[in-house]
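Contents: one structure, followed by commentary.
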Amino acid sequence: MNRRPNFLIFMTDDQGYGDLSCMGNTDFVTPHIDALANGGARFTNWYSNSPVCSPSRASLLTGRYPANAGVRAILAGHRKATGLTPETPTIATAVRDLGYQTAMVGKWHLGLCQQSRPNQNGFDYFYGFMAGCIDYYSHIFYWSMADGSTNPTHDLWENDHEFYENGQYFTEMVSDKAVEKIRELNASDAPFMMYVAYNAPHYPMHAPRKYLDRFPHLPPDRRIMAAMLSAVDDGVGQITDELERLGILEDTVIFFQSDNGPSRESRNWLDGRCDPYYGGLPGSLKGHKFSLFEGGIRVPGIFFWPGHIPAGQVIDEPCAAMDVFPTLLTLAGGNPDDYTLDGRDISGVFMHGEKTPHQELYWEMEQQTAIRCGKYKLVLDGQLVEGEPPQDPVFLSDLSIDPGETVNLAQQMPELAKTLQERALSWRSGIEKNWNKKFAQAHRQTT
């Protein structure tokens, strides 16, 4: 390799483990994302570090568990909302210090106050929105207006300049802008890192007729999901085709994941229905967005780098979004030891067949806490549905034979359950202590 690689990070929003054809979906196909999986490494035990979006994104960008990054809940969408700050470096900051150009296109959702915006957190260029969701055509953040006191807010930006493109479908805007920006970045001799964060298939469930018409055989809830993901898949193909046209596909490391499991929130329906939404699929996993059971946190994870990452790999080693920072930094020629990180460099896993560097992985979400140690996973006060009582105070499963967490082994294996519970609670205690010391005072307004 004559030059350091470019980096392209794709993230989707509320997309389930089972919503891609390369992950086993059978009612529609995602050929361009599948091509990345088939041409590189597809992780079957890849994890988000949170079952909701803001903490998940914070971990991806900072290489830390959410609370250690200063973001452990869904952040507010008003223009004074706090979130990520430069005190916690991002992968964009780290590679920019190594001479990389950095750009982001899409959904931020890590704060709107000045110090929490993308341009203040490592990105030379930003195009997109900063709240948690927008109408795909008007680009207005409506979510909080139901309280009767919060006004809807327009939320579309290029760097710190607000602009208006009413009527343009945002998924296509993301893809078009990413292509345009890649051409510009490629004109420089310096390598680049681009973060492309699609907001699909997060509600509101919007898609142009041309995508809906591809799936006349599907029921309405699944049809709109397929249409929204098809638009994303087309965008992934459009962007990777541009890399190939420019002759830099083999010089670019591409990573893809979803931020968390599928949403079952009733607001996904657009007809006033109040029953849970079931358009997104967690595959055979249990749980959805908000839950620390597998369906809420296990997501597609794909690495692609032609000529460097062996094609056709299906990797079962447990790894997580927080590993992306140290992995890309290492490939850029940097040293992860220069940063305070919870993630680990996993380049050896997908390039040389090594085992995961993690002995344990942890999660926390409100009252829920979870630990994965080898093939075993323990969930404390795990919720299947947000707002409902925990399924069990202690739930132990063997994921190697029961990835759907259908059988609770806590009573059959009490010593293991006790050991893992002690480890999980000890980790959670450290998380709470660090949060209260460094971040709690600054984060009082979340949604």
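Residue-by-condition table, conditions (1) in contact with an Asp or Glu (Cβ under 6 Å, 6 or more places away or on another chain); (2) under 17 Å from V174 (Cβ atoms):
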site	(1), (2)
R79	no, no
L84	no, no
E87	no, no
M104	no, yes
H109	no, yes
C113	no, no
N119	no, no
Y127	yes, yes
Y137	no, yes
Which residues, counting only those in region 1-35, are open to solvent by 10 Å² or more (accessible area, probe 1.4 Å) and closer than 23 Å to G343 by Cβ?
R4, Y17, M23
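Go over the candidates G280, G272 one by one and state the one that is touching a Pro at 6+ places or on another chain (Cβ under 6 Å) and small (G, A, S). Please lay out each step first, then the result.
Values: G272 fails: touching a Pro at 6+ places or on another chain (Cβ under 6 Å).
One residue alone meets the criteria, G280.
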What residue, among those in region 374-423 that are in contact (Cβ under 8 Å) with a residue 40 or more places away in the chain and charged (D, E, K, R), is farthest from E265 (Cα to Cα)?
R423
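Quick check on this structure: which one of A190, A94 is open to solvent by less than 50 Å² (accessible area, probe 1.4 Å), assigned to a helix (DSSP H, G or I), hydrophobic (A, V, I, L, M, F, W, C) and modelled with pLDDT of 95 or more? If you could, list the steps in order and put the result at the bottom.
Values: A190 fails: assigned to a helix (DSSP H, G or I).
The conditions single out A94.
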Within region 122-136, identify whether any single residue is over 26 Å from T62 (Cβ atoms) and out of contact with any Leu (no Cβ under 6 Å at 6 or more places or on another chain), and answer yes or no.
yes
In region 382-425, how many residues are in contact with a Ser or Thr (Cβ under 7 Å, 6 or more places away or on another chain) and of a type in the set (D, E, K, R)?
1
Would you call D337 in a loop (DSSP other than H, G, I, E, B) and among the charged types (D, E, K, R)?
no
Single unsatisfied condition, F215 versus (1) within 18 Å of E172 (Cβ to Cβ); (2) in contact with a Lys or Arg (Cβ under 6 Å, 6 or more places away or on another chain); (3) surrounded by 24 or more Cβ atoms within 10 Å (Cβ to Cβ)
(3)
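Would you mention how many residues in region 272-291 are among the aliphatic types (A, V, I, L, M) and open to solvent by 50 Å² or more (accessible area, probe 1.4 Å)?
Residues of region 272-291 among the aliphatic types (A, V, I, L, M): 281, 285.
Cutting the leftovers down to open to solvent by 50 Å² or more (accessible area, probe 1.4 Å) gives us 281.
Going through region 272-291 one residue at a time, the tally reaches 1.
Can I74 be described as among the hydrophobic types (A, V, I, L, M, F, W, C) and either at pLDDT below 95 or touching a His at 6+ places or on another chain (Cβ under 6 Å) (or both)? Outline the logic, then answer.
Details: among the hydrophobic types (A, V, I, L, M, F, W, C): yes; either at pLDDT below 95 or touching a His at 6+ places or on another chain (Cβ under 6 Å) (or both): yes.
The answer is yes for I74.
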Pairs, please: C-beta under 6 Å, at least 6 apart or cross-chain, first residue among the aliphatic types (A, V, I, L, M) and in region 16-31, second open to solvent by less than 20 Å² (accessible area, probe 1.4 Å)?
L20/T30; L20/I33; L20/P300; M23/P300
Looking only at region 155-187, count every residue that is among the aliphatic types (A, V, I, L, M) and open to solvent by 30 Å² or more (accessible area, probe 1.4 Å) and tell me the total.
1
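Could you tell me which of the residues G106, G128 is in contact with a Lys or Arg (Cβ under 7 Å, 6 or more places away or on another chain), surrounded by 24 or more Cβ atoms within 10 Å (Cβ to Cβ) and small (G, A, S)? If you could, list the steps in order and put the result at the bottom.
Numbers: G106 fails: in contact with a Lys or Arg (Cβ under 7 Å, 6 or more places away or on another chain).
None of the others qualify; the one that does is G128.
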Options P51, P55; residue that is open to solvent by less than 10 Å² (accessible area, probe 1.4 Å), part of a helix (DSSP H, G or I) and within 27 Å of M130 (Cβ to Cβ)
P55
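Can you tell me how many residues in region 292-314 are under 15 Å from K377 (Cβ atoms) and open to solvent by 10 Å² or more (accessible area, probe 1.4 Å)?
From region 292-314, those under 15 Å from K377 (Cβ atoms) are 292-298; that's our starting set.
When the remaining residues are screened for being open to solvent by 10 Å² or more (accessible area, probe 1.4 Å), the result is 298.
Here the count works out to 1.
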Tell me yes or no: at least one residue of region 191-206 is of a type in the set (A, V, I, L, M, F, W, C) and free of Cβ contacts under 8 Å to residues at least 40 places away in the same chain.
no
So Q120 ticks every box in (1) surrounded by 19 or more Cβ atoms within 10 Å (Cβ to Cβ); (2) of a type outside the set (S, T, Y); (3) farther than 21 Å from P326 by Cβ but one. Which box is left unticked?
(1)
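The values are calculated or read from the model by the stated rules, or taken from the named source; none is laboratory data. The model shown is predicted, which means the values in this text are computed figures rather than measured ones. No Cβ is skipped: glycine too gets one built from the backbone with ideal geometry, and neighbour counts run over all protein chains shown. Heavy atoms of the whole protein, side chains included, go into the accessibility calculation; ligands, DNA and RNA do not. Shrake-Rupley method; radii C 1.70, N 1.55, O 1.52, S 1.80 Å.
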